[in-house]
Amino acid sequence: MLINPYKSALATIPGSRMLAENLGLIGANFPDEKTKGRLWTVTNLFAPIKGRALGGIRAKLQDQKGFVTFCNQRDLELLIGLAKPGNFCPWTDSEYPEMDSREFYGMCVDPEDLEDDLFERELQLRCLMAASPEYPDIIPMGYQFTRLIHLNSGQDVEELDMMLYDCDPETGLGPDTRFHTLMNRWTRVERNKIRWEAA
């Protein structure tokens, strides 16, 4: 077990759901259970989402081709070898599932995960802009970038996202760096399924 997410204090980076502590997991990697040649690496950790049937922290993963996905804490503990199927999981008060069972979710994303990934990418973009005098303080309207996303087993997509307006819609002041207004700033232009193949 990594930690008990219900008994441990999980500090986040202010204004985000990113955990301030990496729990020694950043850089941990493991092979994909179903796709030969695919290797996943933990790149960030995020706070639990209230109301989810399966709680715990969430790990953001990236493979060698740049695809990102997320994994819940319980299943990550299995994937990195901290637990085995049939062991008792204290924080879920149940046994760890077999990795080929319906109870094992593995790598997948939902809307909250995609928001966390988008916000992290926006922060990285702002850091790049701040380091270069060529770029303005505000992300230009119409700015686009592509995300490679592993939605779930067998579903990989390429998504194009675009900045709508990097300002507070009420005051017109920018840049707007708040997490809770993230989805007012960005929109998905398109999403296309693509096939992941080993090099």
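Readers should treat all values here as calculations from the given coordinates under stated rules, not as data from a laboratory. Not measured: the values here are computed from a predicted model. Note that each Cβ is placed from the backbone with ideal geometry, even for glycine, and that neighbours are counted across all protein chains shown.
Checked against (1) within 17 Å of Phe30 (Cα to Cα); (2) out of contact with any strand residue (DSSP E or B) (no Cβ under 6 Å at 6 or more places or on another chain); (3) assigned to a helix (DSSP H, G or I), Phe104 meets all criteria but (3).
In the set Asp176, Asp137, Asp156, which member is touching a residue at least 24 places away in the same chain (Cβ under 8 Å), of a type in the set (D, E, K, R) and either buried (at least 16 other Cβ atoms within 10 Å of the Cβ) or touching a Cys at 6+ places or on another chain (Cβ under 6 Å) (or both)? Break it down into steps so the answer makes sense when it comes.
Details: Asp176 fails: touching a residue at least 24 places away in the same chain (Cβ under 8 Å); Asp137 fails: either buried (at least 16 other Cβ atoms within 10 Å of the Cβ) or touching a Cys at 6+ places or on another chain (Cβ under 6 Å) (or both).
Going through Asp176, Asp137, Asp156 in turn, the sole match is Asp156.
Does Asp75 count as among the acidic types (Asp, Glu) and under 30 Å from Thr181 (Cβ atoms)? Answer is no for this residue. Scan the range 112-132 and tell me whether some residue there is basic (Lys, Arg) and touching a residue at least 40 places away in the same chain (Cβ under 8 Å). Yes, there is a match, as at least one residue in the range 112-132 is basic (Lys, Arg) and touching a residue at least 40 places away in the same chain (Cβ under 8 Å). Restricting attention to the range 57-91 and to residues that are in a loop (DSSP other than H, G, I, E, B) and in contact with a helix residue (DSSP H, G or I) (Cβ under 6 Å, 6 or more places away or on another chain), the residue that is surrounded by the most Cβ atoms within 10 Å (Cβ to Cβ) turns out to be Ile57.
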